[in-house]
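Just below is one structure, and these are the notes that go with it.
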Amino acid sequence: MGVVIETDVWEANQALYIFIFFSCFLSIVCLPHFSSNSNRTPAIFDHALPPAFLRFQRSFLLLCSLSSVLEGLWSVFGESELAYYGVSKEQIVLSLCVGYAVSLFIGPFLGIVSDLRGHKKVCLLFYILHLLVGIWKRIIAHPSVWLASVCLSLATSISLFNFETWMVVEHDKLGLRQDTLNDMFWLMTFAEATSFIGSQVLANWLVGSDAEKLMVFPSTAAMLLALFSIIYVTQRWKEYPRTATFKDYRTSFCTYIFGDKRIWLLAWAQACVQFSIMVFWILWAPTIVADGREIVLGLIYPCLLGARMLGSTAFPWFSNGPLSFRTEDCLLYVFIMMGFVLSIVAYDYQEIGVLVTVFCLFHACMGLVLPSLARLRTMYTIMFLCF
């Protein structure tokens, strides 16, 4: 007599998605009500802001969202696409290492170019790199893994510094208050997570179940988005020419960056956060499917990003809202919590529900950490950014 082994595929409760959505909604909507006792009105609800800033805010968040969608489109089917072309695991890992190495050595020089030649030019370079990769994949049936990895890694490094610096410089030109800038930081994190979810939905909708579409439609969508972004930046972004020389830049850099120990400590904290994020995205899927457990990972990914969205909406509550904390103290408590929740995973084998809960808590903390670090970067480097 044969033995039939039934497999049970674990799926997240749909109530979890509803809970995250309404929690984000309530966190944003209730903020002005609980802030009514203070003299501060959150920037997103302040209708007295200059029209120039409101136009800039809409354009900036649109470009940030498009950039995140571009980044997300390439990541949805990254390994699957390479496996479809017969690329081995060793070649995939090596190509990622090469891309990160190029980004490590060339990325800082792109930051210097952005400060000296203008953020608009480097922003256009970001979209041009994505456009080139999309065209390359559409023209050549088996595109170069190395070229795609290098271009996308350089584009990612540009997105990490250029958009934020552009926003800070424009904010300083308009002479707006600091809390308005703080609100832009959490809006950037919120828009990024939302766009990553949107890119996953878009890519899966374009591809469906056809493997041939997997090789065509995401590249076409990325090309169209990059082309639209290039036209939008060229037509709508008016940037004043930079007048600083490299000598002035070097002097300012040595004074405000190398000479400040807080910058070194902040850089170390940022590096540790980025390292933990990369390690998490490498290990979370193998950890959750350990011992042959079956789970639809594509349904867990939106939960993690939704938790990051929820964490970002908590930032205005803790920065200058009703639960005001010093940014340094807030980061200290959140770092301790992140280490504690990940120690649960490292200590022993856990059930899937526990792992999903722990991973969501980690990303909620990350949603609070990212705008907090951005606020500290601005506080410590504002004199350098606007020299």
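The values are calculated or read from the model by the stated rules, or taken from the named source; none is laboratory data. Just so you know, these numbers come straight off a predicted model, no measurement behind them. FYI the Cβ positions are ideal-geometry reconstructions off the backbone, even for glycines, and counts take in every protein chain you see. Only protein heavy atoms, including side chains, enter the accessible area calculation; ligands, DNA and RNA are left aside. Shrake-Rupley method; radii C 1.70, N 1.55, O 1.52, S 1.80 Å.
Of the residues contained in segment 286-308, none is found to be over 20 Å from the mean Cα position of the chain (by Cα), of a type in the set (A, V, I, L, M) and closer than 22 Å to residue 182 by Cβ.
Any idea which residue in segment 279-301 is least open to solvent (accessible area, probe 1.4 Å), counting only those that are over 16 Å from residue 75 (Cα atoms) and small (Gly, Ala, Ser)?
290
For segment 359-373, the condition of being at pLDDT below 85 and part of a helix (DSSP H, G or I) holds for none of the residues.
This table checks each residue for (1) without any contact (Cβ under 8 Å) to a residue 60 or more places away in the chain; (2) outside any helix (DSSP H, G or I); (3) farther than 26 Å from residue 246 by Cα.
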residue: 96; (1), (2), (3): yes, no, yes
residue: 103; (1), (2), (3): yes, no, no
residue: 106; (1), (2), (3): yes, no, no
residue: 115; (1), (2), (3): no, no, no
residue: 126; (1), (2), (3): yes, no, no
residue: 131; (1), (2), (3): no, no, yes
residue: 137; (1), (2), (3): no, no, yes
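If you check 150, 169 for being of a type in the set (A, V, I, L, M, F, W, C), in contact (Cβ under 8 Å) with a residue 24 or more places away in the chain and under 30 Å from residue 326 (Cβ atoms), only one passes: 169. Kindly establish whether residue 336 is within 18 Å of residue 378 (Cβ to Cβ) and either open to solvent by less than 30 Å² (accessible area, probe 1.4 Å) or among the β-branched types (Val, Ile, Thr) (or both). So residue 336 does not fit the description; no. So in segment 234-266, with the set limited to residues that are modelled with pLDDT under 80 and polar (S, T, N, Q), which one is most open to solvent (accessible area, probe 1.4 Å)? Among them, the one singled out is 243.
Taking segment 95-115 as the range and being over 14 Å from residue 148 (Cα atoms) and modelled with pLDDT under 80 as the test, only 115 passes.
Yes or no, residue by residue, for (1) at pLDDT below 75; (2) under 19 Å from the mean Cα position of the chain (by Cα); (3) open to solvent by 30 Å² or more (accessible area, probe 1.4 Å); (4) within 30 Å of residue 285 (Cβ to Cβ):
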position	(1), (2), (3), (4)
2	yes, no, yes, no
9	yes, no, yes, yes
36	yes, no, yes, no
41	yes, no, yes, no
66	no, yes, no, yes
71	no, yes, yes, yes
83	yes, no, yes, yes
90	no, no, yes, yes
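Here residue 164 meets each of (1) of a type in the set (D, E, K, R); (2) open to solvent by 50 Å² or more (accessible area, probe 1.4 Å); (3) modelled with pLDDT of 80 or more with one exception, condition (2). Here segment 117-129 is the region considered, the condition is being touching a Phe, Trp or Tyr at 6+ places or on another chain (Cβ under 8 Å) and open to solvent by less than 20 Å² (accessible area, probe 1.4 Å), and the residue that is nearest to residue 71 (Cα to Cα) is 123.
If the condition is being more than 20 Å from the chain's Cα centre (by Cα), surrounded by 18 or more Cβ atoms within 10 Å (Cβ to Cβ) and over 11 Å from residue 219 (Cβ atoms), then segment 130-151 contributes only 145. Select from segment 345-355 the residues that are part of a helix (DSSP H, G or I) and surrounded by 15 or more Cβ atoms within 10 Å (Cβ to Cβ) and write down the one among them that is modelled with the lowest pLDDT. The extreme case among them is 345.
Taken across segment 267-278, residues that are open to solvent by 70 Å² or more (accessible area, probe 1.4 Å), at pLDDT 85 or above and under 26 Å from the mean Cα position of the chain (by Cα) do occur, with at least one present.
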